[in-house]
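In what follows, a structure is listed as structure tokens, so that the remarks can point back to it.
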Amino acid sequence: MGKWKVLITGSSGLIGSEAVEYFDRQGHDVVGIDNNMRRVFFGAPGDTAWNLERLRKVTSQFEHRDLDIRDRAGLFALFKEIRFDAILHCAAQPSHDKAREIPLVDFEVNALGTVNILEALRQFCPEARMVFLSTNKVYGDSPNEKPLKELPKRYDYADPNDFDGIDEECRIDRTTHSVFGASKVAADVMAQEYGRYFGLNVGVFRGGCLTGPNHSGVQLHGFLSFLVKVAMAGGTYTVFGYKGKQVRDNIHSLDVVRAAEHFFNNPRPGEVYNIGGGRENSISILEAFEEIERRTGKKVHWEYRDEPRIGDHICYISDLGKLKDHFPGWRVSTSLQSIIAALIEAEEQRGKA
Ligand SMILES: NC(=O)c1ccc[n+]([C@@H]2O[C@H](COP(=O)([O-])OP(=O)(O)OC[C@H]3O[C@@H](n4cnc5c(N)ncnc54)[C@H](O)[C@@H]3O)[C@@H](O)[C@H]2O)c1
């Protein structure tokens, strides 16, 4: 394909904003949808207006629409107006913990909002390619059934066969997801159905920890970015359960966007991929504290609550085998060290601003 018309939903958020910049840089026409609902979910620290302002400055073809993905009529009008070639659907209520307070809104945004996009795709641009950002929370707590070993600073898989992490065969039902995980399951399965049943070019990416300097990190969402933010501000970080030895794999937002581009170029209808930083970019909370202290010279203050979040993973590493197999040109290009350095630098810049 030559010049694309690209739709990014959640375009002021972490992944969405990275995608806007990326596709704009390539000369495509980019339309972004975002109603700054992250501020509604998380208050002022979640406000993404600064990121929209930044995007307006650094892009040349980007057009922003203040549209709610729950507004089906508004969405359909947009799809009638513009025939999109590629869609990256990132708009979401993204927090595990927030969803318990607002289960109806969570479901309306995550599940129904996604079906609205899928249906708009089917009705108005069925040849377009689409990637839906799902989550590893669709596996609920079933990854915790893997035998684990406890090391001084982290948990790890006890069985050498699990070394590469959790693959897409992991079951998604008969497990506790949290309300957020369940609304994402609904969206994830519907997205698969639009690929498999309707034959549309829809792929599903189940994210581990997606991160990068453009995250409006808050306690309820954005693990590393929030941790760095608290550490740099001299605040106190709260660890929930598992002794701080819980492991997450972290991937830079740019690597997620590049994977979506690979899918757009070679779509496989209804396929599901785990995407995260993989083993090399995995880190426990205790290890993250150490790394931040080493880099900043500042002691991280933290407190411990001996109650894990419901449905939380003890050790989650994304097995990237399928993604790499289907898209051999893709790889994790940003190391964990570089990610942490970039987060620290972004906080320093914000502190100066
Ligand atoms: N960040 C992570 O660690 C992570 C991990 C796994 C999966 N994901 C998934 O990746 C996707 C992107 O995550 P992110 O980290 O960029 O989230 P984000 O919160 O930074 O961005 C989402 C954006 O969507 C917007 N939005 C929310 N509801 C909306 C609505 N109804 N209409 C229009 N816009 C709306 C928000 O204002 C926000 O700017 C989400 O689907 C999320 O569930 C994220």
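Throughout, read-outs are computed from the coordinates displayed, never taken from laboratory work. Model, not experiment: these values are computed from the prediction. Cβ placement follows ideal geometry from the backbone for every residue including glycine, while neighbour counts extend to all protein chains displayed.
When restricted to residues that are more than 15 Å from the ligand (Cβ to nearest atom) and either hydroxyl-bearing (Ser, Thr, Tyr) or over 21 Å from Val202 (Cβ atoms) (or both), the stretch 78-97 contains 1.
Taking the stretch 34-67 as the range and being more than 23 Å from Trp4 (Cα to Cα) and either part of a loop (DSSP other than H, G, I, E, B) or among the acidic types (Asp, Glu) (or both) as the test, the residues that pass are Asn35, Asn36, Gly43, Asp47, Thr48, Glu53.
Only one residue in Ile283, Ile251 is outside any loop (DSSP other than H, G, I, E, B), under 15 Å from the mean Cα position of the chain (by Cα) and buried (at least 19 other Cβ atoms within 10 Å of the Cβ). Which one?
Working: Ile283 fails: under 15 Å from the mean Cα position of the chain (by Cα).
So the residue among Ile283, Ile251 that is outside any loop (DSSP other than H, G, I, E, B), under 15 Å from the mean Cα position of the chain (by Cα) and buried (at least 19 other Cβ atoms within 10 Å of the Cβ) is Ile251.
Taking the criterion of being free of Cβ contacts under 8 Å to residues at least 60 places away in the same chain and among the basic types (Lys, Arg), would at least one residue in the stretch 305-321 satisfy it? Within the stretch 305-321 (the criterion being free of Cβ contacts under 8 Å to residues at least 60 places away in the same chain and among the basic types (Lys, Arg)), the answer is no, since none of the residues qualifies. So how many residues does the stretch 85-112 have that are part of a loop (DSSP other than H, G, I, E, B) and surrounded by fewer than 21 Cβ atoms within 10 Å (Cβ to Cβ)? The number of residues fulfilling the criteria is 4.
Say whether the condition of being surrounded by 19 or more Cβ atoms within 10 Å (Cβ to Cβ), away from the ligand (no atom under 16 Å from the Cβ) and in a helix (DSSP H, G or I) is met by at least one residue in the stretch 144-167. Looking for residues that are surrounded by 19 or more Cβ atoms within 10 Å (Cβ to Cβ), away from the ligand (no atom under 16 Å from the Cβ) and in a helix (DSSP H, G or I), one finds at least one in the stretch 144-167, hence yes. Can you name every residue in the stretch 193-211 that is touching a Pro at 6+ places or on another chain (Cβ under 7 Å) and in a strand (DSSP E or B)? If the condition is that a residue be touching a Pro at 6+ places or on another chain (Cβ under 7 Å) and in a strand (DSSP E or B), then Asn201, Val202, Gly203 are the ones that fit.
Restricting attention to the stretch 98-119, report how many residues are in contact with a strand residue (DSSP E or B) (Cβ under 9 Å, 6 or more places away or on another chain), farther than 21 Å from Gly46 by Cα and within 13 Å of the ligand (Cβ to nearest atom).
Residues of the stretch 98-119 in contact with a strand residue (DSSP E or B) (Cβ under 9 Å, 6 or more places away or on another chain): 98, 113-114, 117-118.
Okay, now just the ones that are also farther than 21 Å from Gly46 by Cα, so 114, 117-118.
Filter once more, so that each one left must be within 13 Å of the ligand (Cβ to nearest atom): 114, 117.
Of the residues in that region, 2 qualify.
May I ask you to say which residue of Gly74, Gly165, Gly113 is on the phi > 0 side of the Ramachandran plot and of a type outside the set (Lys, Arg)? When all the criteria are applied, what remains is Gly165.
Run Gln61 past the list (1) surrounded by fewer than 21 Cβ atoms within 10 Å (Cβ to Cβ); (2) among the polar types (S, T, N, Q); (3) touching a Gly at 6+ places or on another chain (Cβ under 6 Å) and report the number of the one that doesn't hold. That leaves (3) as the condition not met. Restricting attention to the stretch 305-344, the residues being outside any helix (DSSP H, G or I) and surrounded by 13 or more Cβ atoms within 10 Å (Cβ to Cβ) number 19.
Taking the conditions exactly as written (crowded, with 23+ Cβ neighbours inside 10 Å, away from the ligand (no atom under 16 Å from the Cβ) and either at negative phi or not aromatic (Phe, Trp, Tyr) (or both)), does Arg129 satisfy them or not? Yes. Within the stretch 64-76, the set of residues being free of Cβ contacts under 8 Å to residues at least 60 places away in the same chain, among the aliphatic types (A, V, I, L, M) and either buried (at least 16 other Cβ atoms within 10 Å of the Cβ) or away from the ligand (no atom under 15 Å from the Cβ) (or both) comprises Leu67, Leu75. Of the residues Arg54, Arg39, the single one that is within 13 Å of the ligand (Cβ to nearest atom), free of Cβ contacts under 8 Å to residues at least 24 places away in the same chain and of a type in the set (Lys, Arg) is Arg39.
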